[in-house]
Amino acid sequence: MRCECLQVLVLQQDIVMKTMKYLVICVFAACTTFGLVQSNEELDKEQPDGPFSCPVCEEKVNPGKDADTACDENIRNQTCPGEDPVCMLYKRFSGSQVEFIDRHCYSREGYDRVKGYCDKPGKNCAIAMCDSSGCKAELITTNSGNLKEPLKPVKQPDGPFRCPVCTIEGRDAQLQSCDNNIKDEICMEEDPVCMLGQFFDGSPFRFKRHCYNRENFNYVKASCEADDPTECVVAMCDTSGCKA
């Protein structure tokens, strides 16, 4: 009887050992599978389908013309330089009408800075972004259908603050070519400055002279200096009609 009990005990121990061995194999297999899935997900992130790109365009909008249509007529695709890129849409308003629209590549950090400015009460700009390659950002209107309250020209002792404005881009773009087509513009910003920007967006150069707000200029300047000084350089002056 004692011998039979020992045989049963040995048999039970053998079953337990085989069960534990099976569980170890299953756990190892599951961990291996999880590791492969995790590695593949990380690999997918590290190896996207191609460089991040955005639809880009820029347009000074004539009265009575739809801003998005005006920009889309000259839209092109552009590979985005820098880290953590997003596709940004920027609109500047004159009263309740869009007077300037710009789609371009931007860093997420730079976008957050400009959005923080545009979201302040009384600012005449609105901004949106999307973060998948090739996407087109869109603005969301308020319940009233308006994006911004109308602004009035900034009052100055000698009249409204003005800036010379022009834009030119292309591989052979020169600042002088921009200045040859310069126009005078009344600035609708608070604490306005006249800004000059030189941007290198992947392939073409872009020179811009336009009205800007001092705080917003400081955001852009800090962003240019933080990202890569070879990609953009900006300067400003703060007397009406001056050329930076």
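The values are calculated or read from the model by the stated rules, or taken from the named source; none is laboratory data. All figures in this text were calculated on a predicted structure; none of them were measured in a lab. Here Cβ is always computed from backbone atoms with ideal geometry, including for glycine, and neighbour counts include all displayed protein chains.
Observations on the structure shown:
- Residue in the stretch 61-73 that is outside any helix (DSSP H, G or I), of a type in the set (S, T, N, Q) and over 18 Å from the mean Cα position of the chain (by Cα) present: yes
- Answer from Ser203, Ser223 - the residue that is at pLDDT below 80 and assigned to a helix (DSSP H, G or I): Ser223
- Residues that are within 25 Å of the chain's Cα centre (by Cα) and under 10 Å from Lys208 (Cα atoms) within the stretch 158-194 comprise Val165, Cys166, Thr167, Ile168, Glu169, listed in sequence order.
- Within the span defined as the stretch 131-153, every residue fails to be part of a strand (DSSP E or B), in contact with a strand residue (DSSP E or B) (Cβ under 8 Å, 6 or more places away or on another chain), modelled with pLDDT of 75 or more and among the small types (Gly, Ala, Ser).
- Boolean, Gly197 is under 18 Å from the mean Cα position of the chain (by Cα) and at pLDDT 85 or above: yes
- Single condition Lys123 does not satisfy, out of (1) within 21 Å of Ala222 (Cβ to Cβ); (2) at pLDDT 80 or above: (2)
- Test: Lys91 is modelled with pLDDT of 50 or more, under 30 Å from Arg206 (Cβ atoms) and part of a strand (DSSP E or B): yes
- Qualifying positions in the stretch 114-127 - under 11 Å from the mean Cα position of the chain (by Cα) and either crowded, with 19+ Cβ neighbours inside 10 Å or part of a loop (DSSP other than H, G, I, E, B) (or both): Val114, Ile127
One line per residue, one yes/no per condition, for (1) buried (at least 17 other Cβ atoms within 10 Å of the Cβ); (2) modelled with pLDDT of 85 or more; (3) at negative phi:
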| site | (1), (2), (3) |
| --- | --- |
| Pro157 | no, no, yes |
| Arg162 | yes, yes, yes |
| Val193 | yes, yes, yes |
| Asn213 | yes, no, yes |
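- Taking the stretch 157-189 as the range and being farther than 11 Å from Phe207 by Cβ, outside any loop (DSSP other than H, G, I, E, B) and either touching a residue at least 40 places away in the same chain (Cβ under 8 Å) or of a type in the set (Phe, Trp, Tyr) (or both) as the test, the residues that pass are Arg162, Cys163, Pro164, Val165, Asp184.
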